[in-house]
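Trainee: Structure incoming, see below.
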Amino acid sequence: MNAQLLRHPCPVEQSPLEWVDLPTPTPGDDELLVRVHVCGVCHTDLHTVEGEITGKLPIVPGHQIVGLVEQAGSNVKEFHVGDRVGVPWLYHTCGECEFCRSDRENLCVNAQFTGFHVNGGYAEYAVAPAAFAVKIPDSFDDAHAAPLLCAGIIGYRALRLALEGHAPAWPRIATVAQERDPPNFRVGLYGFGASAHIAIQIARRWGCEVYVATRGAEHQRLAKESGAMWAGRAEDVPNDTLHAAVMFAPAGALVPEALRALRKGGTLALGGIYMTPIPEMKYELLYHERIVRSVANATRGDAQQLMQLAGQIPIRTDVQTFPLADANRALVALKRSEIHGAGVLIVDH
């Protein structure tokens, strides 16, 4: 099969992915062989390719896979040959550690991640455990479904954790779709890439007013078109405005700015797998029980809940497609913020 292989991390401008011919993998008894139709291009892929985070090498990146089941292992009951499936970031967990036993499998000490520990979707075929594959809502075509599998799932989890941190308001927010008087609850999104494009739709579904802090007039325009009440630069968000916030931009320097805009008791959720150093800051920015928390991976429950929401709202994803052979070019465009919405690789068999 054709695949894009990373042997040695380096800046994407140096075309680190190598177009290679690899053996088509064989699924185990509990696994699926997926004929890849599309694979989303994620910032996690960029961090992997450039060596900012390190997993197995060599590796085929990609963890937002949509395709058809080509083969199913002998123990697989939930999927059949020809079914459309999605393969997300969480590839496998042990089921035995303290985190798995307490419904926190996203923190599993033996977790494996797609395109990081095992070969991912920048290829014509990929293998995945059936228990970790997800069903895709019928209303989405392949390309527009791909961003749901990481940008959507992690955006949903980050938003939920930020809002749960504001415990008194969360029950009303969670049921706002059934209410006529949604709460006046202000949420900030820092960065407006693929995750934020989806998170803003969920936040508005839950009745929240959304403030988007992002660089550049074009991203600010897109945020307002997506329903943001306010869009501008992080330093221009008024003090004590936000009840909760999610930071998608991997820029640690923005953390003090977000805390400045956060009201008493609010939560700032950091949604990225990588972030530049957070600068020293005054304690008063954290005082009054403000919370800063990271968001690590996601559970299968998060994936299922996001897919259900995606079909109900319905979530709209904006995508820009590239041939699989142009994966290096897609990553360069992602690094330069030249992709509107989410980048998606199209696999031509």
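Trainee: Against the globular-protein guess of 2.2 N^0.38 Å, express the Cα radius of gyration of segment 85-165 as a ratio, rounded to two decimals.
Mentor: Working it through for segment 85-165, the quotient is 1.19.
Trainee: I've got another one for you. What share of the DSSP beta bridges in the chain is antiparallel, in percent to the nearest 5?
Mentor: 55
Trainee: From the mean inverse distance of alpha carbon pairs (Kirkwood) and the Cα radius of gyration, derive Rg over Rh for segment 182-282.
Mentor: 0.93
Trainee: On the accessible surface of the chain, probed at 1.4 Å, how many percent belong to carbon and sulfur atoms?
Mentor: Accessible surface attributable to carbon and sulfur in the chain totals 48 percent.
Trainee: Pick from Gln14, Gln220, Gln112: which is most flexible by mean-square fluctuation in a GNM of the chain where alpha carbon atoms under 10 Å apart are linked?
Mentor: So, out of Gln14, Gln220, Gln112, the one fluctuating most is Gln14.
Trainee: What's the tally of Lys pairs in the chain whose alpha-carbon atoms lie under 27 angstrom apart, where the two lysines are 8 or more places apart or on different chains?
Mentor: The result is 5.
Trainee: Further question: Could you give the nm distance between label points at Thr24 and Ser74, where each point is 7 Å from its Cα heading toward the beta carbon?
Mentor: About 2.1 nm separates the two model spin labels.
Trainee: Tell me, what is the per residue accessible area of segment 288-340 in Å², probe radius 1.4 Å?
Mentor: 51
Trainee: Which shape class, rounded, prolate or oblate, goes with segment 1-57 when its Cα gyration tensor gives a ≥ b ≥ c as root eigenvalues, a/c under 1.5 marks rounded, and past that a/b bigger than b/c marks prolate?
Mentor: Prolate shape, in that a/c is at least 1.5 and a/b is the bigger ratio.
Trainee: Could I ask something else about it? Over segment 271-349, how many percent of alpha carbon pairs lie in each 5 Å bin up to the one with the longest distance?
Mentor: All Cα pairs, binned at 5 Å, distribute as 3, 10, 11, 13, 17, 18, 13, 9, 4, 2, 1, 0 percent.
Trainee: Taking amide hydrogens as modeled 1.01 Å from N in the peptide plane, which residues meet the under 5 Å criterion relative to Leu6, leaving out close sequence neighbours?
Mentor: Excluding prolines and chain starts, which carry no amide H, the hits are Glu18, Ile59, Val60.
Trainee: Could you sort 42-55, 317-330 so that the peptide with the highest average Cβ count within 10 Å comes first and the rest follow in order?
Mentor: Put in order of decreasing packing, that is 42-55, 317-330.
Trainee: Further question on the same structure: Using Cα atoms only, what is the angle between the long axis of helix 300-312 and the major principal axis of the chain, expressed in degrees (0 to 90) to the nearest 10?
Mentor: Rounded to the nearest ten degrees, it is 80.
Trainee: Using the Cα atoms of the chain to build a convex hull, what is its mean projected area in square nanometres?
Mentor: One quarter of the hull surface, i.e. the mean projection, equals 17.2 nm².
Trainee: Skipping prolines and chain starts, which residues have an amide H placed within reach, meaning under 5 Å, of the one on Val118, given they are 5 or more residues away or on another chain?
Mentor: So Val118 has HN proximity to Phe113.
Trainee: Right, another one. Using the charge dipole of the chain (Lys, Arg: +1 at Cβ; Asp, Glu: -1 at Cβ; taken about the Cα centre), state which of Leu254, Leu286, Cys150 has its Cα farthest towards the positive end.
Mentor: Selected residue: Leu286.
Trainee: Additional query: Please state the charge dipole magnitude for the chain, taken about the Cα centre, from unit charges on C-beta atoms (+1 on K and R, -1 on D and E), reported in debye and rounded to the nearest 20.
Mentor: The dipole magnitude comes to about 1020 debye.
The values are calculated or read from the model by the stated rules, or taken from the named source; none is laboratory data. Remember, predicted model here, so these are calculated numbers, not experimental data. Glycine gets a Cβ as well: all are built from the backbone with ideal geometry, and neighbour counts include every protein chain shown. Surface areas here come from the heavy atoms of the whole protein model, side chains and all, with no ligands, DNA or RNA. Shrake-Rupley method; radii C 1.70, N 1.55, O 1.52, S 1.80 Å.
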